[in-house]
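To start, the structure under review is shown below, and the notes come after it.
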Amino acid sequence: MEKRKTKIRHYTSFAQDYDGAFSSDLNYCRWSANSIVNLLELKKDDFLVDLGGGTGFFSSLIHKKSGLDKRVLCVDTCEKMLEKADMYDNVFTMCDSASSFSGKDELKYDKIFIKEAVHHFENRIDIFSQIYGQLGCHGIICIVTRPQTPGFPLFKSALKSFEQSQPDYNVFITELEKAGFDVKVHKKAYPFKIKKNRWFELLKQKFMSNLAQFSDIEIDNGLKELEEYYHDSDFFFFDDILIYITGYKTD
């Protein structure tokens, strides 16, 4: 429970600037959104859920990319995040946890995606099993996650923290299969370029949830570590590897 409260506090403080961390490269956002649209096999009349959707940025983008008739339901535990999501006319919101949302037997939908949030969920097999029951015939779930060792330029203690907070993606595969899904996996890499000072700003803002545990002094020391290592470069170049795990309901 305390871990959940810490996560909500973190995203509440970062809600205003959250989209800026990801939308600075619109091609990157479109690339990721297109992958989700294609893997979910979205059709115009599908009802889509974005679980752990935060500000609704990707909810809205995927709606536009797929031409859905119905608005996307964006579910998140952080009210501040959802205030931004409510500003999109193609999104509607629900403030709820993954376990509570998936426990609502009366909820029915066609497709659901969980983008870079599944590692926060507890009791995932129960959640996935309940999602299986909520999904319509031939429904699809798409989980977007990262490898335990990302390509990001992170200082050593932040990298270790990321690895500790990020389960190996094979864990999610096993959990989905236990919940009844047929599972496929796709790995995709995007060549990312970002100004070093912009990346440092994001780290100072603690834009990833695992950074919330670091004090401002620890972040500053981490930036000094990175500056010393990358002192000859004004830009960071790295491959952002995303892992798309797709589960298919077979009955």
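The values are calculated or read from the model by the stated rules, or taken from the named source; none is laboratory data. Model, not experiment: these values are computed from the prediction. Cβ sites come from the backbone with ideal geometry, for glycine too, and all protein chains shown count toward neighbours.
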Hey, can you tell me all the residues within region 96-116 that are touching a helix residue (DSSP H, G or I) at 6+ places or on another chain (Cβ under 8 Å) and more than 24 Å from residue 166 (Cα to Cα)? 103, 104, 105, 107, 108, 109
Within region 217-240, identify whether any single residue is at pLDDT 95 or above, of a type outside the set (S, T, N, Q), surrounded by 15 or more Cβ atoms within 10 Å (Cβ to Cβ) and closer than 29 Å to residue 43 by Cβ, and answer yes or no. no
Going through region 178-193 one residue at a time, which ones are part of a strand (DSSP E or B) and of a type outside the set (Ser, Thr, Tyr)? 182, 183, 184, 185, 186, 187, 188, 189, 191, 192, 193
All but one of (1) out of contact with any Gly (no Cβ under 6 Å at 6 or more places or on another chain); (2) within 19 Å of residue 178 (Cα to Cα); (3) not small (Gly, Ala, Ser) hold for residue 132; state the number of the condition that does not hold. (1)
Please work out if residue 62 is under 16 Å from the mean Cα position of the chain (by Cα), within 23 Å of residue 127 (Cβ to Cβ) and either among the charged types (D, E, K, R) or at pLDDT 95 or above (or both). yes
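Outside any helix (DSSP H, G or I), crowded, with 18+ Cβ neighbours inside 10 Å, touching a Leu at 6+ places or on another chain (Cβ under 8 Å) and modelled with pLDDT of 90 or more, is that true of residue 244? Spell out how you get there, then give the answer.
Numbers: outside any helix (DSSP H, G or I): yes; crowded, with 18+ Cβ neighbours inside 10 Å: yes; touching a Leu at 6+ places or on another chain (Cβ under 8 Å): yes; modelled with pLDDT of 90 or more: yes.
The answer is yes for residue 244.
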Conditions: (1) within 20 Å of residue 245 (Cβ to Cβ); (2) in contact with a helix residue (DSSP H, G or I) (Cβ under 9 Å, 6 or more places away or on another chain); (3) at pLDDT 95 or above; (4) in a helix (DSSP H, G or I). Residue 32 meets all but one. Number of the miss? (3)
Only one of 175, 218 is under 17 Å from residue 116 (Cα atoms), over 17 Å from the mean Cα position of the chain (by Cα), in a helix (DSSP H, G or I) and in contact (Cβ under 8 Å) with a residue 12 or more places away in the chain; which? 175
(1) assigned to a strand (DSSP E or B); (2) within 22 Å of residue 166 (Cα to Cα); (3) of a type outside the set (Phe, Trp, Tyr): which one isn't true of residue 206, the others all being true? (1)
In region 139-166, what residues are surrounded by fewer than 19 Cβ atoms within 10 Å (Cβ to Cβ), touching a helix residue (DSSP H, G or I) at 6+ places or on another chain (Cβ under 6 Å) and either among the charged types (D, E, K, R) or part of a strand (DSSP E or B) (or both)? none
Which one of these is touching a Lys or Arg at 6+ places or on another chain (Cβ under 6 Å) and either at pLDDT 95 or above or of a type in the set (S, T, N, Q) (or both): 114, 141, 125? 125
Looking at residue 236 and the list (1) assigned to a strand (DSSP E or B); (2) of a type outside the set (Gly, Ala, Ser); (3) closer than 30 Å to residue 174 by Cα, which single condition is not satisfied? (3)
